[in-house]
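Q: The structure that follows is given in the form of structure tokens.
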Amino acid sequence: MGDILLALSIPVLVFAVGIYAGCETWWRRRHPAPPSPYTHQAARLSEREMVASAEEIVDGAHARLEGLYGTSGGTIPATGVTGASGATGAPGLTPQVAASPGRGRSQPASARRG
């Protein structure tokens with residue numbers, strides 16, 4: 001009797017696994033997994049979010065300390081400090097005007113001899 005139950009349990013097991021696989025497939029089609037957080041798109045989106053929050057922080061600090069800068073309306077004050085492009089900051093420049101043009105690589109700085 002034990003051999004007969006063992007022989008009959010194999011088709012029952014195969015049938016049960018088939019039912020389980022079908023139900024799992026149906027469930028996964030109705031409930032897709034969320035996108036992976038490790039994709040390039042997710043990295044770009046989080047980078048944009050970080051840049052936006054950093055801009056809000058800087059704009060808020062500049063607005064609170066506007067009296068110290070002596071400017072109004074969200075302009076960059078002239079500091080006389082040379083930036084990455086080698087030009088000094090001009091009074092009244094907005095961040096878009098002060099930025100370097102294009103999205104490509106910047107020109108290399110000239111070598112200093114000294």
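The values are calculated or read from the model by the stated rules, or taken from the named source; none is laboratory data. Predicted model, so just to flag it, every value in this text is computed and none were measured. Ideal geometry is used to build each Cβ from the backbone, glycine not excepted, and the neighbour counts take in all protein chains shown. These accessible areas exclude ligands, DNA and RNA; they are computed on the full protein's heavy atoms, side chains included. Shrake-Rupley method; radii C 1.70, N 1.55, O 1.52, S 1.80 Å.
Q: Compare Arg30, Arg48, Arg112, Arg64 by solvent-accessible area with a 1.4 Å probe and give them largest first, with all protein chains kept in place.
A: Output order, biggest surface exposure first: Arg112, Arg64, Arg48, Arg30.
Q: Between Val12 and His62, what length in nm is gained on full extension when 0.36 nm per residue of separation is reduced by their alpha carbon distance?
A: So the chain would gain 10.7 nm between Val12 and His62.
Q: Also: Leu45 to Ala111: FRET efficiency via 1/(1 + (r/R0)^6), r the Cβ-Cβ distance, R0 30 Å, to the nearest 0.05?
A: My answer for the efficiency is 0.15.
Q: Which FRET efficiency value, to the nearest 0.05, do you get for Ala52 and Arg30 by plugging their Cβ-Cβ distance into 1/(1 + (r/R0)^6) with R0 = 22 Å?
A: That pair, Ala52 with Arg30, gives E of 0.05.
Q: Contour minus end-to-end for Met1 and Cys23, with contour as 0.36 nm per residue of separation and end-to-end as the Cα-Cα distance? Walk me through the numbers on the way to the answer.
A: Values: separation 22, 0.36 × 22 = 7.92 nm, distance 3.29 nm.
Extending this stretch completely gives an extra 4.6 nm.
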